[in-house]
Amino acid sequence: MPRRSKQVSRPLWRGYLKLSLVSCPIAVFNAITESEDIHLNFLNPETGNRIRYQVVDAETEELIDRADLVRGYQFQKDRYVTLTDDELDELKIESSEVMKVEEFVPFAEIPPMYFERGYYIVPDGEAGEEAYAVIREAMSRSGMFAITRAVIARKERVIALKPSGRGIVGHALREASDIRPEREFFGGIDAAKPDKDALAIALQLVEQKTARFDPAKFEDRYEARLRQLIDAKLEGVELEPEEIEEAPKVTSLMEALKRSLAEGGKGARRGSPNDDAGDEPRAATIHRLQPKKKAPAKKKPAKSRRRA
């Protein structure tokens with residue numbers, strides 16, 4: 001395996017990356033993590049206990065152990081071909097073990113809608129590092145995606161490879177049949193060209209808001225608000241409602257464009273994504289809590305519940 005300070009996960013796939021007759025052993029890791037997301041559990045509101053899901057036979061209503069289950073394909077109503085895990089594990093094709101580069105495609109040729117999961121492709125051992133470097137550098141100088149395939153999680157996935165620093169990243173691509181045709185949604189939109197003056201102002205707005213992309217700026221504000229709500233409940237206080245600015249009322253498109261241009265120019269600035277770092281705390285991380293109001297004396301106290 002490559003030299004890393006910390007092994008953070010097990011590889012999703014192990015095999016060979018092959019460009020014509022040049023190949024090297026590689027390991028594929030998931031580039032995406034959702035470990036920081038808030039995960040909510042279903043609870044019994046009367047006891048505060050978690051809900052346990054059970055596997056039940058749909059006909060006999062008998063409880064079944066998950067370890068005893070097999071998979072099945074329904075070829076007729078209520079008739080199935082059964083498949084065991086061993087049979088599925090033994091079902092191999094070329095891309096089960098080899099990522100063969102089939103073609104090179106310019107970056108602009110693949111619409112963003114096709115991109116799905118992200119992977120890190122690393123050399124699997126020092127012996128393959130030289131060949132790995134040659135393939136990576138060839139892709140880098142070509143300025144194109146290397147299109148290959150690999151069986152991951154019992155599905156053959158088309159993967160677009162692209163160099164990134166000293167490594168290679170892969171993007172699983174959706175199948176063409178997964179993408180709904182644009183004409184179904186855009187076919188009825190008026191094809192008339194926009195007013196030239198309105199377009200000129202809109203282009204100025206684009207220029208005003210042009211910046212380098214920094215994903216760290218775009219935190220999940222809803223999840224941040226959810227964390228505030230959880231903290232408020234833990235402290236036994238109420239969360240003050242978020243103040244949401246209402247959109248100004250405008251009477252025409254041109255008025256809206258001109259007003260947007262004027263307002264955008266007041267504090268607009270361009271440059272490095274880190275220019276504004278450290279100026280002020282983010283609003284989404286500030287807890288604005290109020291003491292919980294006491295219930296009227298006439299009302300009975302709420303039923304005590306255990307927390308999960």
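Based on Cα contacts under 8 Å between residues 6+ apart, segment 27-77 shows a relative contact order of 16 percent. Its relative contact order, with pairs defined as Cα atoms under 8 Å and 6+ residues apart, puts segment 16-150 at 37 percent.
Checking the table LYS162/LYS217; LYS162/LYS193; LYS18/LYS217; LYS77/LYS155; LYS209/LYS249 against a 27 Å threshold on Cα-Cα, which pairs fail?
In this structure, LYS162/LYS193; LYS18/LYS217 exceed 27 Å between Cα atoms.
For segment 125-166, the relative contact order is 35 percent, taking Cα pairs closer than 8 Å that sit 6 or more residues apart in sequence and dividing their mean separation by the residue count. The modelled label-to-label distance between VAL169 and GLN208, using points 7 Å beyond Cα along the C-beta direction, is 3.1 nm.
Annotation: for a label point projected 7 angstrom from Cα along Cα→Cβ of THR60, no residues of segment 71-93 have a backbone N closer than 13 Å.
Highest-first packing order for the peptide set 169-182, 43-56 is 169-182, 43-56, based on the mean count of other beta carbon atoms within 10 Å. Note on ASN49 and GLN76: the extension gain reaches 5.6 nm, defined as 0.36 nm multiplied by sequence separation minus the Cα-Cα distance. Each of TYR119, PHE185, GLY143 was placed along the dipole of segment 90-207 (beta-carbon charges, centred on the mean Cα), and the one lying farthest toward the positive end is PHE185.
Subtracting the Cα-Cα distance of ASP195 and PHE115 from 0.36 nm times their residue separation leaves 25.4 nm of extension gain.
Computed from label points 7 Å out along Cα-Cβ, the spacing between ARG180 and ALA153 is 2.2 nm.
Throughout, read-outs are computed from the coordinates displayed, never taken from laboratory work. A quick note: this is a predicted structure, and the numbers were derived from the prediction, not measured. Counting neighbours? That spans all protein chains shown, and the Cβs are built from the backbone with ideal geometry, glycine included.
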